[in-house]
Amino acid sequence: MPTTLFIDSTPDIDRVWKRVHGPGDPAITVNMGPVAEAAIPAVVAGYDTVINDATYFTEATLSACPGLRHIVFLGTGAASFVDLAAAARLGIKVSTIGGYGDTTVAEHALGLVFAAARHIGAMHSDVRAGGWRPRQGMELSGKTLGIVGLGGIGREMARLGRGIGFETIAWNRSPIAEPSVPLVTLEELLDRAHVVSLHLALNDATRGFLDGDKLARLRPGAILVNTARAGIVDEAALVERLRAGQLGHYATDVFSHEPPSPDDPLLKLENVTLTAHAGYNTPEAAMTMYRRAIDLAAKGP
């Protein structure tokens, strides 16, 4: 039977976790995070399986955990937190969980679209500070929504986008026999879309995918939404275009390091909307994800 540690739970997670992890399930030790990098080997010692929400496992850290054989990552973007190549070399299996929150994440992405289009975060801050500046926004009905990645979340985003009157188009890395919306080339999508929503997995093929040349194709004033992974976008090129006002707004739920450091350039820009990697975080999606994590951990490496 695997010995399992949930390395970095939080109070919010724990409230839902206790509803899912039942008396008939294998024992899982729950440690409240975050865990400093230097402390990870000591915390993990004695466990062969770790359930991981947002702890960074570098090659050096993995090498210092000789008994670790299996990491169950809560979500799909394990590459953002685990050195997958190093894990493979060390014989550590990494399991991910997909499809648990397609609707939840798409709803969050659409919320970011509304917030960016109508400057909701900026006006909220203005009013709380005693100011009063009605800001002109973008009416979304009749505009073009471009979805990059038509997997489960992308399909849900397309459904929601059509519901509010977007003309919705998509690009996918691989062919789709019966797409739910028209598929176009990536170049056409970037040229046409008023709003671009990213729904790609992060891997070697997609890291830095939206580079300076692709960002330059976006129409002036376009909104870019990212609920996928920060590494998909070339951040230096992104910040440059935001500072120049060539990109209208960047609304993101994901960062290159989470939480972002105080000197992260995105924190200094006005034409951004930032949330704390919470797109997946509803009780409905969380319960599904934790149930699958428990089952994966019980199977062992």
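Out of the residues in segment 69-117 that are among the β-branched types (Val, Ile, Thr) and assigned to a helix (DSSP H, G or I), state the one that is farthest from Glu284 (Cα to Cα). Break it down into steps so the answer makes sense when it comes.
Quick first cut of segment 69-117, residues among the β-branched types (Val, Ile, Thr) only: 71-72, 76, 82, 92, 94, 96-97, 103-105, 113.
Keeping just the survivors that are assigned to a helix (DSSP H, G or I) gives 103-105, 113.
On the way: Thr103: 10, Thr104: 8, Val105: 12, Val113: 22 Å.
Checked segment 69-117; the qualifying residue farthest from Glu284 (Cα to Cα) is Val113.
With respect to Arg135, determine if the residue is modelled with pLDDT of 95 or more, basic (Lys, Arg) and in a helix (DSSP H, G or I). Let's see the steps before the verdict.
Numbers: modelled with pLDDT of 95 or more: yes; basic (Lys, Arg): yes; in a helix (DSSP H, G or I): no.
The answer is no for Arg135.
Which count do you get for residues in segment 248-295 that are in a loop (DSSP other than H, G, I, E, B), at pLDDT 95 or above and of a type in the set (Phe, Trp, Tyr)?
Selection size over segment 248-295: 1.
So Tyr56 clears everything in (1) out of contact with any Phe, Trp or Tyr (no Cβ under 7 Å at 6 or more places or on another chain); (2) farther than 20 Å from Asn226 by Cα except one condition, right? Which one?
The one condition Tyr56 does not meet is (1).
Does any residue of segment 118-128 turn out to be in a helix (DSSP H, G or I), at pLDDT below 95 and of a type in the set (Ser, Thr, Tyr)?
Checked segment 118-128: no residue is in a helix (DSSP H, G or I), at pLDDT below 95 and of a type in the set (Ser, Thr, Tyr).
With the condition kept exactly as written, say whether any residue in segment 223-232 is in a strand (DSSP E or B) and of a type in the set (Val, Ile, Thr).
For segment 223-232, residues in a strand (DSSP E or B) and of a type in the set (Val, Ile, Thr): present.
Determine which single condition Gly149 fails, assuming it passes every other condition in (1) of a type outside the set (S, T, N, Q); (2) without any contact (Cβ under 8 Å) to a residue 60 or more places away in the chain; (3) crowded, with 20+ Cβ neighbours inside 10 Å.
(2)
In segment 1-28, what count of residues is obtained for those that are touching a strand residue (DSSP E or B) at 6+ places or on another chain (Cβ under 8 Å) and closer than 16 Å to Leu74 by Cβ? Outline the logic, then answer.
Kept after step one, since they are touching a strand residue (DSSP E or B) at 6+ places or on another chain (Cβ under 8 Å), are these residues of segment 1-28: 2-11, 14, 17, 21, 26-28.
Next, from what is left, pick out any that are closer than 16 Å to Leu74 by Cβ: 4-11, 14, 17, 21, 28.
Adding up the residues that qualify gives 12.
Give the number of residues within segment 164-208 that are touching a residue at least 40 places away in the same chain (Cβ under 8 Å) and either under 19 Å from Pro220 (Cβ atoms) or part of a helix (DSSP H, G or I) (or both).
8
The values are calculated or read from the model by the stated rules, or taken from the named source; none is laboratory data. From a predicted model like this one, the values you see are computed outputs, not experimental measurements. Here Cβ is always computed from backbone atoms with ideal geometry, including for glycine, and neighbour counts include all displayed protein chains.
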